[in-house]
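Here the structure is laid out as structure tokens; the discussion comes afterwards.
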Amino acid sequence: MRTRLFTLLAAATLLAGACTPKAAPRLKTCIFPGDYPDPTILRDGKDFYITHSSFTYFPALLIWHSTDLVHWEPVARAVEDGDYSIFAPDLCKVDGKYYIYYPTSRGENYVVTADRIEGPWSRPVKLDVGGIDPGHVVAEDGSRYLYTNNGFVTPLTPDGLAAAGKPQKVYDGWEFPAAWETEGMWLESPKLLQHGGWYYLVSAEGGTAGPPTSHMVVVARSKSALGPWENSPHNPLVHTYSADEVWWSKGHGTLIDDADGNWYIVYHGYRNGFHTLGRSTLIESVDWTADGWPVLSEPDGARWEQEGLQGDYGYLRDFANPLLWAKWQPGHPSGGTLWTTTAPDASYEITATFNAPKGETAGLYLFYNEKAQIGATGGGADFSVRIRNERNIVSVWKRNGDGEWIPVAEGVDVSSYNHNVYQGFFALRPAYLLGKDDQLTGFEYKVL
């Protein structure tokens, strides 16, 4: 059913093309505008793979592939189903096998594995590890460990599928100035790597939403995977210093190199004034100081081109690809299935057409959660809904078979439909609702 549906939708007009210029070694751009938070990135030879928090949208953990860090394609979803929210995963490869460690809203950590990045991925294995934001590391003697928030680390079994001891606290974080406006310390997102004879621990502090200046990326290093950790004199590596900047609440970073020895930091941030879009994935070039510390190639907060955006992000608008859609797992009050996707644009228009038999209900929404949504439902053999979002001002129309568009809502300000008001760390997403016998017969996304 799903395959046939999206074969049909492949013919839909998605008014956005692909961007194909060759990537420059120096980067300062947004690679995933929209709801792509908590990025974890892996280089495997000349290939790059990235995944993000997926929260209560399933199938979960959408994995993307790139060869240049700028243009991406979706390749798999690693977790088919679940009754929890997934956030802040860690993607790694050990002895030829891929692993994704991830925490859940139940306070548990899981791991899934695959021999090929495209899958099949294993069923989730529950770890006896608490905390959030796991970060995997292989120590100097080959032992495996899992870092979690608040500076804790837990030894793992050689196969990486179970805890092999109790957690211990080995890192206290970096003390940022007390005058900075943040949500609090919130030491999390440990990401580890080896470089130049050192282990580097890259962490997030300051909270992931709240005020524009909340989040940051800090760096520490040690000769051992277990510390003691020395904080960088250049901290924070990434931070939003003013609400005037293009990107707010920048943080949750991973250092990554390419096959030619260029280094980058991949992290997330909110677009200025658009918490509704969720946290986007950004990338910046990194240099190393003579004494072995990473620093941004350009000063943090420097000007971003085109409101922080470059290219037209055609790879994010291929909505005929079923990998770009996921169910809202809590379910819809009507009993129908709510399929959601991510909008990469501040202004866009979506139109959906349904075959909804009498007594069934289909609909199109911009959906944050059950308390923050806007759209229309209805039924019939040729029922359509259109939603226009112009920089958080939304209008809705619906149409039956007579062809006349009837206004449902006009000029509604949805800027408050975000985490700072409704919690959850979600985004305001395009979503269509299907009852048991309903069919989606057309979907169009238009950039305004």
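Brief remarks follow.
- In order along region 81-93, the Karplus-derived 3J(HN,Hα) couplings, from 6.51 cos²θ - 1.76 cosθ + 1.60 at θ = phi - 60°, round to 8, x, 10, 8, 9, 9, 8, 6, x, 9, 9, 8, 10 Hz, and Gly and Pro are given as x.
- Straight-line cross-link partners of LYS46 among the aspartates and glutamates, defined as a Cα under 13 Å from its Cα and at least 8 positions apart when in the same chain: ASP68, ASP257, ASP258, ASP260.
- Value in Å of the Kirkwood radius, where region 133-226 supplies the Cα pairs that are averaged: 14.0 Å
- Taking the fewest neighbouring Cβ atoms within 10 Å as the starting point, the ordered list for HIS65, HIS332 is HIS65, HIS332.
- Low-density loop positions, trypsin sites (Lys or Arg not before Pro), region 102-146 - DSSP coil, at most 13 other Cβ in 10 Å: ARG106, ARG116
- Cβ charges +1 (Lys, Arg) and -1 (Asp, Glu), total dipole of the chain, debye: 820 debye
- Listed residues GLN306, GLN373, GLN329, most fluctuating in the chain (Gaussian network, C-alpha, under 10 Å): GLN306
- Applying the Kirkwood pairwise sum to the alpha-carbon positions of the chain produces a hydrodynamic radius of 22.5 angstrom.
- Under 12 Å, Cβ to Cβ, from TRP263 - net charge with Lys/Arg +1 and Asp/Glu -1: -3
- Shape of region 41-199 from the C-alpha gyration tensor: rounded (a/c under 1.5, with a ≥ b ≥ c the square roots of its eigenvalues).
- If only the Cβ of Lys and Arg carry +1 and only the Cβ of Asp and Glu carry -1, the dipole of region 238-337 around its Cα centre is close to 740 debye.
- Among ALA88, ALA290, ALA209, the largest mean-square fluctuation in a Gaussian network model of the chain (Cα springs under 10 Å) belongs to ALA290.
- Within the same chain, lysines fewer than 8 places from LYS327 are excluded, and of the rest, those with a Cα less than 16 Å from its Cα are LYS436.
- The ranking of LEU448, LEU192 by Cβ neighbour count inside 10 Å, starting from the fewest, reads LEU448, LEU192.
- Chymotrypsin sites (Phe, Trp or Tyr not before Pro) within region 325-421: DSSP coil, no more than 15 neighbouring Cβ in 10 Å: none
- For LYS223, the lysines whose Cα falls under 27 Å of its own Cα, not counting residues fewer than eight places away in the same chain, are LYS93, LYS97, LYS166, LYS169, LYS191.
- With neighbour counts taken as other beta-carbon atoms within 10 Å, the residues LEU27, LEU146 rank, fewest first, as LEU27, LEU146.
- Charge dipole (region 320-447, unit charges on Cβ, about Cα centre) - positive-most of ALA409, ALA431, SER347: ALA431
- Loop trypsin sites (Lys or Arg not before Pro), region 213-258, which have at most 12 other Cβ atoms in a 10 Å radius of their Cβ (DSSP): LYS223
- Residue-averaged [θ]222 nm for the chain, counting only DSSP H segments that reach four residues, each worth -39500 (n - 2.57): -500 deg cm²/dmol
- Residue of ARG77, ARG26, ARG429 that the Gaussian network model of the chain assigns the largest fluctuation, springs spanning Cα pairs under 10 Å: ARG26
- Between region 371-433 and region 243-272, the alpha-carbon center distance in angstrom: 32 Å
- Each part reduced to its alpha carbon centroid, region 157-230 and region 65-86 end up 24 Å apart.
Since every read-out is calculated from the coordinates, none of them should be taken as a lab result. All values reported here derive from a predicted model rather than from experimental measurement. Cβ: placed from backbone, ideal geometry, glycine included. Neighbour counts: every protein chain shown.
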